[in-house]
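Each value in this text was obtained by applying a stated rule to the coordinates, not by laboratory testing. As the structure is a prediction and not an experimental result, all values here were calculated from the model. FYI the Cβ positions are ideal-geometry reconstructions off the backbone, even for glycines, and counts take in every protein chain you see.
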Amino acid sequence: MTPAGQKKFDETHAWIAEHSTDAAENQPLFVRCLTFAQSGPPMLPGNYNNNYRIVQAPGYFSILSEQPHQTRIIPLGEHAALPQNIKQWMGDSQGRWEGDTLVIETANMRFNEQSRFGNQYDGIADENLRITERFTRTAPDLIIYRATVTDPTVYTKPWTIEIPMQKVDEPLYEYACHEGNYGLRGILSGARAEDKKTAGQNPNHR
């Protein structure tokens with residue numbers, strides 16, 4: 001990380017350690033069912049359900065991630081980019097072919113103080129984040145996925161991950177993310193109960 005990126009990382013984690021249960025917004029993105037590491041970009045493996053359905057149609061690619069059942073729709077060729085003031089959790093993607101490799105460039109990603117890279121890599125990013133993904137089919141049943149992360153205000157240089165994607169003849173299942181429905185309420189209500197318990201033990205607690 002850059003010195004500024006490392007400072008932000010340290011300050012953010014110190015703050016979260018003290019305030020993670022103050023409000024729903026302080027919880028990780030995947031706990032709030034907003035986005036998962038598998039959704040991308042970049043598409044990083046999680047603990048399980050690392051499966052995708054990739055479909056090519058005229059002028060578009062769609063990538064459905066089994067967890068958390070989100071679909072990215074990527075236009076191919078010339079496509080007007082979103083205005084800079086419109087940010088999305090999965091960004092604004094543009095696709096093109098370079099020989100036999102599908103290249104997807106993504107910018108305009110929404111960010112907050114929580115890692116967008118999931119629980120496998122607890123990194124940070126900001127408004128300067130750019131992702132370049134490359135899908136190369138090297139065999140009938142194998143795609144090599146490469147993703148390069150560029151964020152000059154957070155990282156001293158771009159970094160790249162590479163993952164083999166093996167074809168399987170199995171159905172994808174609907175992953176219904178219920179944590180945001182009842183798990184999050186349980187986390188916050190449990191914290192408020194702990195606050196009351198602490199307040200009873202300490203008359204100066206407010």
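A few points about this structure:
- When you filter the GluC sites (Glu not before Pro) in the stretch 57-132 for DSSP loop state and at most 12 other Cβ atoms inside 10 Å of their Cβ, you are left with 78.
- Between the helical axis of 184-201 and the longest alpha-carbon principal axis of the chain there is an angle of about 20 degrees.
- Per residue, the chain reaches -5500 deg cm²/dmol at 222 nm when only DSSP H runs of four or more residues are counted, each adding -39500 (n - 2.57).
- Charge dipole of the chain about the Cα centre (unit charges at C-beta), most positive-ward option of 164, 107, 145: 107
- Taken about its Cα centre, the chain carries a charge dipole of roughly 280 debye when the Cβ of each Lys and Arg holds +1 and the Cβ of each Asp and Glu holds -1.
- Cα gyration tensor shape for the chain, rounded if a/c is under 1.5, else prolate or oblate: prolate
- Helix 3-19 axis, angle to the chain major axis (alpha carbon atoms, nearest 10°): 50
- Across the stretch 1-89, the relative contact order, built from alpha-carbon pairs under 8 Å that are at least six residues apart, equals 17 percent.
- Euclidean distance of C-alpha centroids, the stretch 85-113 and the stretch 64-84, integer Å: 7
- Using a cutoff of 8 angstrom between alpha carbon atoms and counting only pairs six or more residues apart, the relative contact order for the stretch 3-184 works out to 20 percent.
- For the stretch 42-53, putting each phi into the Karplus relation 6.51 cos²θ - 1.76 cosθ + 1.60 with θ = phi - 60° gives couplings of x, 8, 9, x, x, 6, 6, 6, 8, 10, 9, 10 Hz, in residue order, rounded to whole numbers and with x for Gly and Pro.
- Cα gyration tensor category, rounded, prolate or oblate, for the stretch 46-130 with a/c compared to 1.5: oblate
- For residue 92, the residues whose amide H sits under 5 Å from its own are 107, 108, 109, ignoring neighbours fewer than 5 places away on the same chain, with H placed 1.01 Å from N.
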